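Peer 1: One structure is given below, represented as structure tokens, and several questions about it will come after.
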Amino acid sequence: AQSVTQLGSHVSVSEGALVLLRCNYSSSVPPYLFWYVQYPNQGLQLLLKYTSAATLVKGINGFEAEFKKSETSFHLTKPSAHMSDAAEYFCAVSSASGSARQLTFGSGTQLTVLP
Amino acid sequence: KAGVTQTPRYLIKTRGQQVTLSCSPISGHRSVSWYQQTPGQGLQFLFEYFSETQRNKGNFPGRFSGRQFSNSRSEMNVSTLELGDSALYLCASSLGRAGADTQYFGPGTRLTVL
């Protein structure tokens, strides 16, 4: 079984400040990990994914995430927040075997960027 | 390349009715997955279709069903609607490979059940 925990349902940062969104996963097999962003009244857009090629993954819009197996974490960061980053962010996991195309999502983190 | 499209975008139904939602995947994608998003339960997997066959199914009652056509377009049907079925229904398409296969999401269909 797989699961994802996102710590903090709401995160507020000032424009220009560091963004840190936390994600911890549980998986009995090597995981594939994803971060998606959702803007109001829209679907999910892929930010980045971890596929075991490199532990530090760079994504779109300046976001990156680091896979830490010992901590079972895949936290999302961005050095400098922009007003346009305000949205809801979802961490998701799928496994390298079995029903691998099924994504299991965390509960989401709403990011607010303050001027 | 055009993205995933879903129709209709908004739908209002009453309890007991049935509804059909449509999803057109990205050209060349053979896998279509459906997810339900609600404020209380978050994003939950409904089912996945690949080459016209249901390959995986989530924990939803039999009132939720789907199908996929030979051109990979997919439809999802919900019969005997309940108030709790009000949600955003998201469709995602992918190549259908295992593991790191990236799913690309459509804008969703917002279903309101009165």
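The values are calculated or read from the model by the stated rules, or taken from the named source; none is laboratory data. Bear in mind that the values here come from a model prediction, so they are computed numbers and not experimental data. Ideal geometry is used to build each Cβ from the backbone, glycine not excepted, and the neighbour counts take in all protein chains shown.
Peer 1: Checking B:P107 against (1) at pLDDT 95 or above; (2) outside any loop (DSSP other than H, G, I, E, B), which single condition isn't satisfied?
Peer 2: Tallying (1) at pLDDT 95 or above; (2) outside any loop (DSSP other than H, G, I, E, B), B:P107 fails exactly one: (2).
Peer 1: Still on this structure, please answer the following. Which of the residues spanning the range B:89-108 are without any contact (Cβ under 8 Å) to a residue 12 or more places away in the chain and at the interface with another protein chain (Cβ under 7 Å from one of its Cβ atoms)?
Peer 2: Passing the criteria: B:A98, B:G99, B:A100, B:T102.
Peer 1: On to the next question. For a quick check of your reading of the model, give me the residue pairs whose first member lies in the range A:101-115 and is over 14 Å from A:Y89 (Cα atoms), whose second is in a loop (DSSP other than H, G, I, E, B) and modelled with pLDDT of 95 or more, with beta-carbon atoms closer than 8 Å and at least 6 apart or on different chains.
Peer 2: Final answer for the pair search is A:L114/A:E15; A:P115/A:E15.
Peer 1: Could you grab me the full set of residues in the range A:69-85 that are surrounded by 13 or more Cβ atoms within 10 Å (Cβ to Cβ), of a type outside the set (S, T, Y) and not in a loop (DSSP other than H, G, I, E, B)?
Peer 2: A:F74, A:H75, A:L76, A:K78, A:D85
Peer 1: Quick check: is even one residue across the range A:89-98 on the phi > 0 side of the Ramachandran plot and within 14 Å of chain B (Cβ to nearest Cβ)?
Peer 2: Yes.
Peer 1: Can you name the residue in the range B:95-104 that is under 10 Å from B:V32 (Cα atoms) and surrounded by fewer than 22 Cβ atoms within 10 Å (Cβ to Cβ) and, of all such residues, is modelled with the lowest pLDDT?
Peer 2: B:G96
Peer 1: Additional query: Is it fair to say A:A87 is closer than 26 Å to B:S33 by Cβ, at pLDDT below 95 and hydrophobic (A, V, I, L, M, F, W, C)?
Peer 2: No; evaluated as a whole, the condition is false for this residue.
Peer 1: Now for a separate question. Looking only at the range A:69-88, filter to residues that are in contact (Cβ under 8 Å) with a residue 40 or more places away in the chain and more than 20 Å from A:T55 (Cβ to Cβ); which one of those is nearest to the other protein chains (Cβ to nearest Cβ)?
Peer 2: Residue satisfying both the conditions and the ranking: A:E88.
Peer 1: Restricting to the range B:61-94, what's the tally of residues that are crowded, with 20+ Cβ neighbours inside 10 Å and among the β-branched types (V, I, T)?
Peer 2: Total satisfying the criteria: 1.
Peer 1: On the basis of being small (G, A, S), farther than 17 Å from A:S3 by Cα and surrounded by fewer than 18 Cβ atoms within 10 Å (Cβ to Cβ), does A:G62 make the cut?
Peer 2: yes
Peer 1: Given the residues B:S24, B:S31, which is the only one that is closer than 15 Å to B:N71 by Cα, facing chain A (nearest Cβ under 8 Å) and buried (at least 16 other Cβ atoms within 10 Å of the Cβ)?
Peer 2: B:S31
Peer 1: Considering only the range A:50-68, state which residues are within 14 Å of chain B (Cβ to nearest Cβ) and not hydrophobic (A, V, I, L, M, F, W, C).
Peer 2: A:Y50, A:T51, A:S52, A:G59
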